[in-house]
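Please read the structure below before turning to the comments.
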Amino acid sequence: MKRIYLAAAAAFTVLAFGSAAMAQTTASASVTVITPVAVTKTTDLAFGSITSAATSGTVVVAATAGGTRSITGGVALVGTSGTAASFAVTADGSTAYTITVPATFAVGTMTATTATSTLPTSGASTSFYVGASLAVPASTAPGTYNGSFNVTAAYN
């Protein structure tokens with residue numbers, strides 16, 4: 001009988017002191033899935049048709065819906081065609097994002113320097129324009145010159 005009391009006392013001691021040496025709690029986990037940020041080109045940038053003279057010049061397409069063209073130096077505009085590139089952004093309306101446009105890009109052997117309308121930083125659905133100033137070297141040979149540039153959107 002003494003053994004039973006000793007075994008019971010030992011079990012009670014282990015239970016009483018063992019549970020005091022351990023603690024446990026539970027944490028919750030959650031996730032909020034938001035709309036992916038996306039940027040889509042709606043219109044390409046077009047400098048239109050120009051002529052090149054014996055002196056260098058520039059053709060500028062404004063970063064506006066109308067994409068107004070202007071020139072300097074030895075460049076002349078032909079016709080009225082010219083458009084700013086336009087882009088649409090879709091995103092979560094309450095999360096800030098950043099739009100990145102390169103400062104320069106190549107159009108054939110020429111260099112274009114970009115200009116933008118005010119770039120959005122938030123909003124579920126918005127748009128913006130990219131224009132550029134194209135440096136045209138003196139006596140540029142007739143032909144079609146092409147280039148491209150990347151526009152990115154990313155959540156902050």
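The values are calculated or read from the model by the stated rules, or taken from the named source; none is laboratory data. Predicted model only: the values in this text are computed from it and were never measured. Cβ sites come from the backbone with ideal geometry, for glycine too, and all protein chains shown count toward neighbours.
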**Request:** Output the residues belonging to the range 10-50 that are at pLDDT 95 or above, within 30 Å of THR83 (Cβ to Cβ) and part of a loop (DSSP other than H, G, I, E, B).
**Result:** PRO36, VAL37, ASP44, LEU45, PHE47, GLY48
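Residue-by-condition table, conditions (1) within 30 Å of PRO36 (Cα to Cα); (2) exposed (fewer than 15 other Cβ atoms within 10 Å of the Cβ); (3) modelled with pLDDT of 95 or more:
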| position | (1), (2), (3) |
| --- | --- |
| SER56 | no, no, yes |
| VAL61 | no, no, yes |
| ARG69 | no, no, yes |
| THR72 | no, yes, yes |
| PHE87 | yes, no, yes |
| GLY93 | yes, yes, no |
